[in-house]
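Since the structure comes first, as structure tokens, the remarks are kept for the end.
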Amino acid sequence: MAETKIPVKIEPKSTPVAAAAPATPFDHLRREIEQVFDNFRIGTLGFPFARRVMDFDFPRLGALTLAPAVDVAEREGAYEISAELPGLDEKDVEVKLANGLLTIRGEKKEEREEKEKDYYLSERRYGAFTRSFQVPEGVDADKVEARFAKGVLTVTLPKTAEAQKQEKKIEVKAA
């Protein structure tokens, strides 16, 4: 399968959303324990990349959603997000940038049907996911690119020239 570009939808900025109240250590512990049980329940259904919608410190929303594992890396001139999406095509994936939030959405629909002399088999598997990331300042939103090749989505968020100039290496001295 050849590499395919996926359009990135850029929506105009609107008013920012208010931040949630800071979490207590007990809230964090509760989320961790709930995540263990959520992973167990989802894992038994045969979904290999089960995760909650966002790995941020937001209150539990109650609904479980499947989300692929991602790698986030900072390169010299850009940030890069890679997501493994086995069994999906570029037409099944949407990438959107709005209000400083990069959102990756996808949906998998698979049907299998077998008819033989003595039996009939029909299976359907489907699931949708959403994964969102706060985009750091200094990203050139007009040059964001998304590419899909061999089941891997790669979103490149180039840094502006000004953001690259602001980086400064700090010398570490012995005490």
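The values are calculated or read from the model by the stated rules, or taken from the named source; none is laboratory data. Not measured: the values here are computed from a predicted model. All Cβ positions, even for glycine, are placed from backbone atoms using ideal geometry, and neighbour counts span all protein chains on display.
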For the list (1) modelled with pLDDT of 75 or more; (2) over 22 Å from Glu145 (Cα atoms); (3) not β-branched (Val, Ile, Thr), I need the number of the one condition that Lys91 fails. (2)
Considering residues that are in contact with a helix residue (DSSP H, G or I) (Cβ under 8 Å, 6 or more places away or on another chain) and either on the phi > 0 side of the Ramachandran plot or crowded, with 17+ Cβ neighbours inside 10 Å (or both), the number found within region 86-107 is 2
The number of residues in region 137-175 that are in contact with a strand residue (DSSP E or B) (Cβ under 8 Å, 6 or more places away or on another chain), among the aliphatic types (A, V, I, L, M) and either more than 16 Å from Ile10 (Cα to Cα) or loosely packed, with under 10 Cβ neighbours inside 10 Å (or both) is 4
Condition first: of a type in the set (Val, Ile, Thr) and in a strand (DSSP E or B). Now tell me which residues in region 79-137 satisfy that. Ile81, Val93, Val95, Thr103, Ile104, Thr130
(1) closer than 27 Å to Ala2 by Cα; (2) assigned to a loop (DSSP other than H, G, I, E, B): which one isn't true of Lys169, the others all being true? (1)
If Pro68 meets every condition in (1) closer than 20 Å to Ser132 by Cβ; (2) part of a loop (DSSP other than H, G, I, E, B); (3) modelled with pLDDT under 60 apart from one, which number is that one? (3)
Hits in region 117-136 (condition: among the acidic types (Asp, Glu) and either surrounded by 10 or more Cβ atoms within 10 Å (Cβ to Cβ) or without any contact (Cβ under 8 Å) to a residue 12 or more places away in the chain (or both)): Asp118
Within region 23-39, identify whether any single residue is modelled with pLDDT under 65 and loosely packed, with under 11 Cβ neighbours inside 10 Å, and answer yes or no. no
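Condition test on Ala73, is it modelled with pLDDT of 85 or more, surrounded by fewer than 11 Cβ atoms within 10 Å (Cβ to Cβ) and among the hydrophobic types (A, V, I, L, M, F, W, C)? Walk me through it before giving the result.
Numbers: modelled with pLDDT of 85 or more: yes; surrounded by fewer than 11 Cβ atoms within 10 Å (Cβ to Cβ): yes; among the hydrophobic types (A, V, I, L, M, F, W, C): yes.
The answer is yes for Ala73.
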